[in-house]
1. Residues of segment 37-96 being under 29 Å from ASP175 (Cβ atoms), aliphatic (A, V, I, L, M) and assigned to a strand (DSSP E or B), which ones?
2. What single numbered condition from (1) open to solvent by less than 80 Å² (accessible area, probe 1.4 Å); (2) of a type outside the set (A, V, I, L, M); (3) out of contact with any helix residue (DSSP H, G or I) (no Cβ under 6 Å at 6 or more places or on another chain); (4) at pLDDT below 95 fails to hold for SER130?
3. Listed residues THR210, THR221, THR229; which is at negative phi, open to solvent by less than 10 Å² (accessible area, probe 1.4 Å), of a type outside the set (A, V, I, L, M, F, W, C) and in contact (Cβ under 8 Å) with a residue 12 or more places away in the chain?
4. For segment 43-58, give me each residue that is open to solvent by 20 Å² or more (accessible area, probe 1.4 Å) and either hydrophobic (A, V, I, L, M, F, W, C) or within 10 Å of the chain's Cα centre (by Cα) (or both).
5. Give segment 104-120 a look and list any residue that's assigned to a loop (DSSP other than H, G, I, E, B) and open to solvent by 60 Å² or more (accessible area, probe 1.4 Å), or say none.
6. Among the residues of segment 245-284, write down those that are among the aliphatic types (A, V, I, L, M), part of a loop (DSSP other than H, G, I, E, B) and under 19 Å from ALA196 (Cβ atoms).
7. Please determine, by comparing only the residues of segment 186-204 that are open to solvent by less than 20 Å² (accessible area, probe 1.4 Å) and under 18 Å from the mean Cα position of the chain (by Cα), which one is farthest from PRO144 (Cα to Cα).
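The values are calculated or read from the model by the stated rules, or taken from the named source; none is laboratory data. The shown structure was predicted, so the numbers you read here are calculated from the model rather than taken from an experiment. Cβ placement follows ideal geometry from the backbone for every residue including glycine, while neighbour counts extend to all protein chains displayed. Keep in mind that these areas ignore ligands, DNA and RNA; they rest on the heavy atoms of the full protein, side chains included. Shrake-Rupley method; radii C 1.70, N 1.55, O 1.52, S 1.80 Å.
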Amino acid sequence: MPDRPAAEIRSAGAVLSRREGGGDEVALIHRGRYDDWSLPKGKREPGEHLLETAVREVAEETGIRVILGRRLGHASYQSLGRPKRVDYWAARPADADARPGFVPNDEVDALDWLPVPAAAGRLSYQRDISLLAEFAAGPADTIPFILLRHASAGSKRRWSGNDLDRPLDPGGDADAERLARLLSCFGSCRVISSAAERCVATVRPYAELTGASIEIEAGLTVSQPGGGTAREFKRAAQIVDDGKPTVICAHGENLPSLLHAACARLGARPPKSTSLRKAAWWVLHTAGGALAGAERYHPADT
């Protein structure tokens, strides 16, 4: 019987940048064991979402809590005889002062901040240099515009009450709790929701975690009069124009319209597939009124 292929090692990291003296600097780490300079990264823990891996590993290696921006590429290579894939995001410090926090240790003995050209000259691996070039080709700092479909709320046919009051089921409650941690990887956002309880309950844990209030938009409620594509297009465009980090929780029926409206406002084509599973979300990364990146995620992604 032929040997089974070795399981792929999944890791995540970031190109962490800060604004310094009118320009951008990126963080590089030095590993004494290998005597190399690289981008902060690390292995995913069992059951961990890669978004969480990126945030945790960068914090562990640099001492800096980060907010993720647009997704960059990935690096694939062999590590100890096994295939390894490392996914990267752009990131920035969650706090204004990025200096304190790093403590040299057995794994990472030095942290340095360098302008991109100098960082490219310092990095030990071509794969990291390529990722740094991808980072430098776009904006270092972006604003997230997140479109989230509510989590599972059981069967509409089996619910005897007002559909606006239909609650999340146990699976939906679990997804809502996990969404609080996952959405917080993109920082603290304004929270806007359809009036349906299943939408409000989906973002409630995130709002509680970040201290945001939930703004109810009746026009985003599919079963309510006064909604409709034209109004949804207009409202989505207004929210994009506000230029604030924002999470909108709505329904499978109207989220494609909201996504099309947001992309149109940003002068970009919408993704070919706009559908979302329950508890899934699109994050549009915006900069200067333009679309810098678009990604789709789900809590079950590992």
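1. VAL66, ILE67, LEU68, LEU72, VAL86, ALA90, ALA91
2. All conditions pass for SER130, except number (4).
3. Numbers: THR210 fails: open to solvent by less than 10 Å² (accessible area, probe 1.4 Å); THR229 fails: open to solvent by less than 10 Å² (accessible area, probe 1.4 Å).
Testing whether each residue is at negative phi, open to solvent by less than 10 Å² (accessible area, probe 1.4 Å), of a type outside the set (A, V, I, L, M, F, W, C) and in contact (Cβ under 8 Å) with a residue 12 or more places away in the chain leaves just THR221.
4. Residues satisfying the conditions are GLU52, VAL55.
5. Within segment 104-120, the subset assigned to a loop (DSSP other than H, G, I, E, B) is 104-109.
Those that are assigned to a loop (DSSP other than H, G, I, E, B) and open to solvent by 60 Å² or more (accessible area, probe 1.4 Å): PRO104, ASN105, ASP106, GLU107, ASP109.
6. Start the filter on segment 245-284 by keeping residues that are among the aliphatic types (A, V, I, L, M), which leaves 247-248, 250, 255, 258-259, 261-262, 264, 266, 268, 276, 279-280, 283-284.
After this cut, where a residue has to be part of a loop (DSSP other than H, G, I, E, B) as well, the list is 266, 268, 276, 279-280.
Selection gives LEU276, ALA279, ALA280.
7. Among those residues, the one meeting the criterion is THR202.
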